[in-house]
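The structure appears below as structure tokens.
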Amino acid sequence: MKASNLAVSLLLAPFSNALPVIESRQSLPAWLSNIMPPTSTLMGFAGSMIPAQEGTITSAEPLLRKTAKRDIIRYGPFTLPANKGTDMPAEGGHMHGSAPPAPSKVGESKGDDMPGMAGGGAEKPAAPKSGINQIMDLLKNKPMDPNGLGLVKRLSTGFCKDCTVLSGKVDVVFPNGTKAGINNGVYLHHAVTMDMTKAVPTFVKGCGGIAGSFSPFIGGAVDGFTQYFTTEDGAYDSGFHLDQDTLVMQAEMVNYNKEPQEIYVQMDVEYMPDKVGNDAMQFTLAATECSSLTQSFRPPKNAVGEIKSADYPITADGDFIAARGHMHDSGTYVSMSINGNVVCQSNATYGGAGSSTIVDGKEWQTITKMSTCAGPIPVKKGDNVVIAAGYDTEKHPARESNGEEQESMGIMTFVYVGKK
């Protein structure tokens, strides 16, 4: 095992099931909590052991505020391997959850199915249990899709320091700058960046697992979007504060072409040079039942339905801004309710320019957009949040890879700004 993988495994494995999401230290025994360094310190050290990737920067005109700066940062090049066909095991998960693992030819473990809460479908979608193995696979740079390229890199240069990030967008591009998409055979499964050194505030009781040990930053997927840490007009007084933080990127792209493809991961970031406004943090809550790292499910074929979470209790006052669903093909919407009232419904849009292709003789249209609820949406201690996700596998079949339909997701991503 490489030194970087060993360091991450040793640091994270003992605590993987003890650290609940968002409330990251509260379930630890008092004696252990007192002698342990902060989780952010452990994660920062682990992140520093991950191989570094330098970025090249091109300046651009700011879009949100005249006093801001905007950088286009490229990381790479990376070579996507040629498509391998179907004689490989199916993908096994997702960075913010885990798909139901199929029996594997390479020794992967198979999770036990746990039913989700369904409505309107012929059967309940399966939401499997998950564990540290999927996270370790990701950190060991093991792709989840057999035709995919998995990347785990520490972003050593490119991002501003001692600054306030207002927005960020992640794309995959070819060397000439053309965006890579399924129309030219490249599927961006996901690309996420994480701040490994920033402490995670407590404001909601969430699911258990390692994800609450670091701060999600900007990301990207096939439904290209911009992550805002203020409102979309830049008027809300908030942003993601960066110090000398350790940032790590975890990404996976799938090549449907028979030839290798050279690509770059490109990040479009707008920021203020100093610390301004309230510190904003990105979070996710899932519609799946709360069990370990599970945030994915397989909806039944040829069915229309919905899954819904249990209550997520709010423990501190604040605002939600930039709320937006994250789904895979088959999904139709993600909604957020507070105390029984729907405050945001993020709808999926399929098709459009660059979002369709032919795979194995069948037309494939993917999600191109999830609508956003700009906010602010006020929350207070004692409120209960519920996340629901709709699916329609009759109209929108799940994505196929290796001849198998892949997992679906129903996640609400949002930015939390606490009250001072």
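The values are calculated or read from the model by the stated rules, or taken from the named source; none is laboratory data. Please read all numbers here as calculations on a predicted model, not as lab measurements. Cβ: placed from backbone, ideal geometry, glycine included. Neighbour counts: every protein chain shown.
Considering (1) crowded, with 21+ Cβ neighbours inside 10 Å; (2) modelled with pLDDT of 80 or more, say which one Glu262 fails and leave the rest.
It fails just one condition, (1).
Can you tell me which condition Lys205 does not meet? The list is (1) surrounded by 19 or more Cβ atoms within 10 Å (Cβ to Cβ); (2) modelled with pLDDT under 85; (3) among the charged types (D, E, K, R), and all the others hold.
Lys205 satisfies all of (1) surrounded by 19 or more Cβ atoms within 10 Å (Cβ to Cβ); (2) modelled with pLDDT under 85; (3) among the charged types (D, E, K, R) except (1).
Yes or no: Thr41 surrounded by 13 or more Cβ atoms within 10 Å (Cβ to Cβ), of a type in the set (Ser, Thr, Tyr), modelled with pLDDT of 50 or more and not in a strand (DSSP E or B)? Let's see the steps before the verdict.
Numbers: surrounded by 13 or more Cβ atoms within 10 Å (Cβ to Cβ): yes; of a type in the set (Ser, Thr, Tyr): yes; modelled with pLDDT of 50 or more: yes; not in a strand (DSSP E or B): yes.
The answer is yes for Thr41.
I'm trying to understand the selection: among the residues of segment 388-415, which are closer than 18 Å to Phe225 by Cβ and at pLDDT 80 or above?
Those that are closer than 18 Å to Phe225 by Cβ and at pLDDT 80 or above: Ala389, Gly410, Ile411, Met412, Thr413, Phe414, Val415.
Tell me which strands (runs of 3 or more DSSP E) are completely within segment 279-379 and hold 2 or more residues being over 30 Å from Asn184 (Cβ atoms) and at pLDDT 80 or above, or say none if there are none. I'd like the intermediate steps shown before the answer.
Values: elements: 304-308, 318-327, 331-338, 341-350, 356-359, 362-365, 367-370, 377-379.
Qualifying strands (runs of 3 or more DSSP E): 304-308, 318-327, 331-338, 341-350, 377-379.
When segment 247-278 is examined, which residues are found to be closer than 17 Å to Asp237 by Cα and in a strand (DSSP E or B)? Spell out how you get there, then give the answer.
So in segment 247-278, the residues closer than 17 Å to Asp237 by Cα come out as 270-278.
Correct list: Glu270, Tyr271, Met272, Asn278.
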